[in-house]
Amino acid sequence: MTSPGDALPPPPKKKNSFIANVARAMGVRITLLVVNLTTALILARIMGPEQYGIYIFSFAIMSLVALPGQAGMALINVREISFRIVDKDWAGALGIVTFTRWLILGYCLVAGVAVFAIYWVFLADRLSQAESSAILWSALLMPAFILVTVTGASIRGLKRLLLGQVVETLFRPILFLVFVAVLVFPFGQPLDAASAMLMHACGAGMAMLISLFILHRILAPKTSGVTPTYAARPILKSIAPLTMVAGMQLIIGKTDIMMLRVIRSPEEVGYYQVALQWANLALIAQQAVMMVSGPSIARAYRKKDMISVQRILTSAARVVFLLALPLGLILIFFGETIIGMTFGKDYLPAVSALSILLIGVMVQASFGTITQLSKMLGWESLIFWLVSGAAFINVVLNYLLIPSYGIAGAAVASIFATFFWKAALAAIAWRRLGLVSFPVGKGVVNNPSPSRNEEID
């Protein structure tokens, strides 16, 4: 007789397993949405547009610095652990987890020193006291922020999709909200950006410890007495382009905030963040589907089962679009009322950016999970060049549009940049592999040979 933790659950065999997993992921994403919206509402109302804008600006800087230690390693963990599960290579799975953890710790040490050095040399005299304090506290957040994300990705690679999503997305924001509720409300103390960032760091630290404990409990039955094995060179070779891809994506997402702060004001950063907060609601299905489909695509591709890859793509695209469309339309028509009732009249300037961003959301939803497909197939180099082009477009358009149009110009720049690289990626997937990422249309799947796959890379 075996105990419940002795083996990972077998892959679901029911035809509706994908929809069931998406439904569970949606539950996690909806919970995350509620937590994030609650947190944003509390912070925005307590801080006001200026301090809230400073908090968002500081968090954006931390996200950029944390990227090399987060994005690439998270994707590597999902993809490579999924591969090793197919091969029943538990020593290799443990090796991936161990090696990436040491890489993260090493990176955080180097990045932390670099952040403090850059601050004292270049930024100390140019930023306000509030901005300086928030940025410095954000350095404490970075290690835990990275480890929670990568640990959740490892758990998803081990077929624990729901648990991995909870670890990756919910632990940190929920614990942050708990700290805010315990330390702010009972005492009626004002909350500034620096204090909020410190509480965020404390919450992330607790989330990190819990997530590492959960991962250990999952791995222990299969890896007891196993010596971890890994090949450092292939991992490092993949991490670099994946990190650069994620970096360019983050630049597209954060350039708006950074340039709004530099060209306009912290208040406009706060307005834009509110617009983003609501616009991302319509993409909640896409985020959930990407978490579910990634490991499934990786395993199907490992078996060279391209028919299954196409089936996953089609199902994913339909779920994403059918859920995004009604949510987007509701927000377009009732955006002003929703923002006024939630964030307050001080944030009504966000409405113009929200309407524009929602058009971009509909465009994104139409491409389904093309981004996740390309990452799971190992197209790092290709994605990097496409996203780099999009990032360049975003920076140029922001520079041209923000001075005159503010947050509306930033929203337009974001739409054009995102459309460029996703449309190009979808066209290449069709041309090279016969795969269709849209909710309608039928792919003509061509099983790629190893040599052809290398050519794509």
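In the stretch 301-324, the residues that are in the same structural domain as Leu425 (by TED's automatic domain parsing) and in a helix (DSSP H, G or I) reach residues that are at pLDDT below 80 and among the charged types (D, E, K, R) with C-beta atoms within less than 9 angstrom, at least six apart or across chains, in these pairs: Arg302/Asp87; Ser308/Arg299; Gln310/Lys442; Thr314/Lys442. Restricting attention to the stretch 28-68, the residues that are over 17 Å from the mean Cα position of the chain (by Cα) and among the charged types (D, E, K, R) add up to 2. For Ala220, the requirement of being at pLDDT below 75, in contact with a helix residue (DSSP H, G or I) (Cβ under 9 Å, 6 or more places away or on another chain), closer than 30 Å to Ala91 by Cβ and surrounded by fewer than 22 Cβ atoms within 10 Å (Cβ to Cβ) is not met. Checked across the stretch 52-64, the condition of being of a type in the set (Gly, Ala, Ser), surrounded by fewer than 21 Cβ atoms within 10 Å (Cβ to Cβ) and closer than 22 Å to Pro295 by Cβ holds for no residue. With the structure loaded, tell me whether Ala153 is small (Gly, Ala, Ser), in the same structural domain as Gly112 (by TED's automatic domain parsing), buried (at least 24 other Cβ atoms within 10 Å of the Cβ) and out of contact with any Lys or Arg (no Cβ under 8 Å at 6 or more places or on another chain) or whether it fails that test. It is true that Ala153 is small (Gly, Ala, Ser), in the same structural domain as Gly112 (by TED's automatic domain parsing), buried (at least 24 other Cβ atoms within 10 Å of the Cβ) and out of contact with any Lys or Arg (no Cβ under 8 Å at 6 or more places or on another chain). Here the condition is being part of a helix (DSSP H, G or I), closer than 22 Å to Ile174 by Cβ, of a type in the set (Val, Ile, Thr) and in contact (Cβ under 8 Å) with a residue 40 or more places away in the chain; of Ile235, Ile257, Ile218, it holds for Ile218 alone.
The condition of being in contact with a helix residue (DSSP H, G or I) (Cβ under 6 Å, 6 or more places away or on another chain), within 28 Å of Gly157 (Cβ to Cβ) and at pLDDT 80 or above holds for only one of Ala365, Ala429, that being Ala365. The listed residues are Leu140, Leu170, Leu136, Leu162, and the only one of them that is part of a helix (DSSP H, G or I), in contact with a helix residue (DSSP H, G or I) (Cβ under 9 Å, 6 or more places away or on another chain) and at pLDDT 80 or above turns out to be Leu170. Lys88 meets each of the listed conditions (1) at pLDDT 75 or above; (2) assigned to a helix (DSSP H, G or I); (3) over 19 Å from the mean Cα position of the chain (by Cα) apart from (2).
Residues in the stretch 126-143 include none that are over 19 Å from Asp192 (Cβ atoms) and in contact with a Lys or Arg (Cβ under 9 Å, 6 or more places away or on another chain). Please go through the stretch 90-109 and pick out each residue that is surrounded by fewer than 18 Cβ atoms within 10 Å (Cβ to Cβ) and in contact (Cβ under 8 Å) with a residue 40 or more places away in the chain. Passing the criteria: Ala91, Thr98.
Check the stretch 53-72 and report whether any residue there is aromatic (Phe, Trp, Tyr), in a helix (DSSP H, G or I) and at pLDDT below 80.
So in the stretch 53-72, the residues aromatic (Phe, Trp, Tyr) come out as 55, 57, 59.
Within this subset, residues satisfying the condition of being in a helix (DSSP H, G or I) are 55, 57, 59.
Now drop any that are not at pLDDT below 80, which leaves none.
For the stretch 53-72, residues aromatic (Phe, Trp, Tyr), in a helix (DSSP H, G or I) and at pLDDT below 80: absent.
Taken together, the residues in the stretch 282-300 that are of a type outside the set (Val, Ile, Thr) and either within 14 Å of the chain's Cα centre (by Cα) or not in a helix (DSSP H, G or I) (or both) amount to 8.
The values are calculated or read from the model by the stated rules, or taken from the named source; none is laboratory data. For clarity, every value in this text was computed on a predicted model and none was experimentally measured. FYI the Cβ positions are ideal-geometry reconstructions off the backbone, even for glycines, and counts take in every protein chain you see.
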